[in-house]
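Just below is one structure, and these are the notes that go with it.
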Number of protein chains: 2
Amino acid sequence: MTVTIRDVARQAGVSITTVSRAFNGYQDVSEETKKKILQVAESLNYRPSRVARSLVLQQTQSVGLMISDFNVNPGGHHFLFDVIAGVHDRLAYLGYDITLVSTTTARQRLISYIDFCTERRLEGVIVMGMRLDDPYMQEVAEAKLPSVGIDLPILSRYCGYVMTDNVNGARQGVRYLISQGHRSIGFVNGHAQAAVSVDRLRGYQTAMQEAGLEVKEDWIIHSNFLVDGGETATRQLLQNHPEMTAIFYASDLMAIGGMRCIQRMGKKVPGDIAVLGYDNIDLGEWVTPMLSTVAQKRYEMGVAAADMLMGMLLRQEEPGGRLLPPSLVIRESS
Amino acid sequence: MTVTIRDVARQAGVSITTVSRAFNGYQDVSEETKKKILQVAESLNYRPSRVARSLVLQQTQSVGLMISDFNVNPGGHHFLFDVIAGVHDRLAYLGYDITLVSTTTARQRLISYIDFCTERRLEGVIVMGMRLDDPYMQEVAEAKLPSVGIDLPILSRYCGYVMTDNVNGARQGVRYLISQGHRSIGFVNGHAQAAVSVDRLRGYQTAMQEAGLEVKEDWIIHSNFLVDGGETATRQLLQNHPEMTAIFYASDLMAIGGMRCIQRMGKKVPGDIAVLGYDNIDLGEWVTPMLSTVAQKRYEMGVAAADMLMGMLLRQEEPGGRLLPPSLVIRESS
DNA sequence: CTGTTAGCGCCTTCAA
DNA sequence: TTGAAGGCGCTAACAG
């Protein structure tokens, strides 16, 4: 059926070894035989089997890309897709393959994600979209398998992470609002089970304190990262605190929901309430008014995660926590 | 290093063969030895190697997921992510692995996508995000490797496809606009290199003709599926044809750009110009006014593609063209 | 420069 | 019910 190295050897009148050498760029093959071999291989349409190669080399040159619960995170799609693109491009460039792994699969098969990776001899794994309270967290943290988490601040012997510097992102954002004269600034955070939420809250608190402003618990609401959550939270915030002049949201989707709510209440953005989001999704540029936001380098996060993992794999580097700088994108809403 | 079947056999005091049988659910192993083997395997933390298994069984149980040009298609991310989720869930359920393949990788490595798949012994491939004028199209169509395209209407011995019935989607959409009393209906289509554009155009034309309305070339503009493209196209349309009372867009992003443009021109949606989009992206629900649109079943497309491929692989079914019905989602913009 | 030999980890006849 | 032997396609010493 499939043509093997043996077929090529036979056709070219050489041994299997020689064919192998010719294909792996060894120098100790005469130009002539090499040329002949390549030509025969071409005519036979021979492609070396990565499977056999992986077996004998004891390395698959492939890593897992674990996306926790594919469908659970509608608002995060944009975010993850760009990260995936970064991971993929970098890994592909280095000749590594990517196998999709998901917790849903593992769960329904009653197999741990580690077993999944081990069976496939994946050399490492990049984990994204996982919540801090996910039962798999523990497993990721304790596994011997090299791994890098995206927005998952766990650090261990074999596990590093990449995330945006969310403390500073939030801090810069709130600081900007303060610089615009705002004093009563609400904060709609994401759910507490997301690592990023913890950091963004601290950033908000820090900026407020640095400006000598009181941090009122009432001004902070936990929501769900999505449009409807932003809307609900905003209504609550504005009804209870009419003195509020600005709201900072932990996601653009919530900010968009917030703007909608504010406008429905007959108020103006940014005239009555200034709005600042987080994420810099494409659509922020196309809502009215255009959304100001804290931008994350999504693609770069993927690249950084891939780089860290490869560093561990190829050069035995220690895993670490890599923080990427956020940046402020000021448009019309604040 | 890694524990193999041999280690288990030795520890359990049986032959490799018996361990193999125990693990693959054969009946001809006594309950007692089987239990012992499983127990030893557990204590040794043994996981059978899929690599070795693939080699001897001559099948990898894994397929490629080819995403043409990861970064090129910002507006399509939402769309693809859901499709991927569908593909993944279905395939994982059937015990098949997914390896990411991209044309960019192949291009930079000067290797055809077919070679990429062959080297990895992928059993089939699902292709998405590809344009009709992509040089790889030919290759996909002619390859012997079983494949299924998403929104890629090529049919051959080994290649089927899944897409939404775009002719009817557009037809239904335009028909709805007509039922609302509109007669001068513009159409902002996507670029002509997308398969879906051809169909949506036909749907538009059909609906107009069925209603006895003239199809004017001037009312049709090709754009880029994105927000800015929709904005530009709309300005052009409205300036040249002030009699227009409704515009149909081949994507929600373009529709959102269009609404923005209309509103900037001091007109009202849907009062002055009714707007209808295509895709049903999440955000359509959160723009003002809320966007009416033609919805595609994204996740289901992924599932259907996976099913078709598995049918070809497992049951030698013929590939075909599967059209999924679209549905009209009427909100506020029309 | 080239071939021989011995596996990589697993499955599958064929015997016992 | 079990084991021995051969082989999947490829690489890597070790000799020539």
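The values are calculated or read from the model by the stated rules, or taken from the named source; none is laboratory data. The structure presented is a predicted model; accordingly, all values stated were derived computationally and were not measured. Because the Cβ atoms are built from the backbone with ideal geometry, glycine has one as well, and the counts that use them run over all protein chains shown. Keep in mind that these areas ignore ligands, DNA and RNA; they rest on the heavy atoms of the full protein, side chains included. Shrake-Rupley method; radii C 1.70, N 1.55, O 1.52, S 1.80 Å.
Just a few scattered comments:
- In the stretch A:44-72, residue farthest from DNA strand D (Cβ to nearest atom) [restricted to those that are in a helix (DSSP H, G or I) and small (Gly, Ala, Ser)]: A:SER54
- Test: A:VAL125 is more than 16 Å from DNA strand C (Cβ to nearest atom) and at pLDDT below 95: no
- Only residues that are more than 13 Å from chain A (Cβ to nearest Cβ), crowded, with 23+ Cβ neighbours inside 10 Å and hydrophobic (A, V, I, L, M, F, W, C) were counted in the stretch B:283-303, giving 2.
- Scanning the stretch A:167-181 for residues that are open to solvent by less than 30 Å² (accessible area, probe 1.4 Å) and closer than 24 Å to A:GLN236 by Cα yields a total of 5.
- Among the residues of the stretch B:238-257, the ones that are part of a loop (DSSP other than H, G, I, E, B) and buried (at least 23 other Cβ atoms within 10 Å of the Cβ) come to 2 in all.
- Across the stretch A:11-26, the number of residues qualifying as loosely packed, with under 15 Cβ neighbours inside 10 Å, away from chain B (no Cβ under 14 Å) and under 44 Å from the mean Cα position of the chain (by Cα) comes to 4.
- A single entry from B:ARG260, B:ARG264 fulfils the requirement of being in contact with a helix residue (DSSP H, G or I) (Cβ under 9 Å, 6 or more places away or on another chain), open to solvent by less than 40 Å² (accessible area, probe 1.4 Å) and assigned by TED's automatic domain parsing to the domain that holds B:GLY173: B:ARG260.
- Residues in the stretch A:124-136 that are in contact with a Gly (Cβ under 9 Å, 6 or more places away or on another chain) and not β-branched (Val, Ile, Thr): A:GLY124, A:MET128, A:GLY129, A:MET130.
- Number of positions in the stretch A:1-43 that are more than 24 Å from B:SER112 (Cα to Cα) and near DNA strand D (Cβ under 10 Å from one of its atoms): 5
- Lone qualifier among B:VAL72, B:VAL29, B:VAL87, B:VAL8 - being open to solvent by less than 70 Å² (accessible area, probe 1.4 Å) and at pLDDT below 90: B:VAL29
- Check on B:ALA41, within 14 Å of chain A (Cβ to nearest Cβ), assigned to a helix (DSSP H, G or I) and either crowded, with 19+ Cβ neighbours inside 10 Å or within 12 Å of DNA strand C (Cβ to nearest atom) (or both): yes
- Some residue of the stretch B:11-20 being of a type in the set (S, T, N, Q) and more than 13 Å from DNA strand C (Cβ to nearest atom): no
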